[in-house]
Amino acid sequence: MGGFDMTNAISIALAASLSFLTLSSASAATVGTEIDPSADWDVTCADERNCTVSRAVLNADTGERIATFALEFGEDTQAMTLTVPLGTAVQAGVRVLAGDTAIDVPTLVCLPTGCLAARDLPDEAVTHLTAARTIDIRFFAFKKSEPLSVAMDITALSDVLREKISWRKEWAE
């Protein structure tokens, strides 16, 4: 499996166009989010063998993006990229919980659109993600001791992968 492509991850983060959202006054809690399983997943393919499947999590009250979750698939690579709000504690990274599985994702850089966390994913992690109905994206606001948790319905993820990324043998069957 090839390595993580930082340039592509930054492009994904910029394309997500997160609004400026700081966490300086945020309390440790679950952030109000849009949880609509019928919401469309965005599928972008650079060519027939390199695709990104992404979805934004929106604040239920304001409609602003809180986070963006993306899976990037190449012919022999796969990675997860998350964009979380500015004001996120960088050293703590981001944790994605899919059922009983925790996937730690290091924060790589903060841009004007938010903080980018990314990592390569083994097949087992993708299997856990596609089997889950929801995920929790957890991160810490700077100088806060309790994590913020953003819930996201991913019920349709496995269907999207089977339909849109059918060239990956594990979803074509």
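The values are calculated or read from the model by the stated rules, or taken from the named source; none is laboratory data. Please read all numbers here as calculations on a predicted model, not as lab measurements. Glycine gets a Cβ as well: all are built from the backbone with ideal geometry, and neighbour counts include every protein chain shown.
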Pairs needed: first member in segment 86-108, under 21 Å from R65 (Cα atoms) and in contact (Cβ under 8 Å) with a residue 60 or more places away in the chain; second member anywhere, buried (at least 19 other Cβ atoms within 10 Å of the Cβ) and hydroxyl-bearing (S, T, Y); C-beta distance under 7 Å; at least 6 residues apart or different chains. T88/T107
Go through (1) of a type outside the set (V, I, T); (2) at pLDDT below 90; (3) under 12 Å from the mean Cα position of the chain (by Cα) for R49 and report which single condition fails. (3)
In segment 109-121, the residues that are of a type outside the set (G, A, S) and free of Cβ contacts under 8 Å to residues at least 40 places away in the same chain: C110, C115
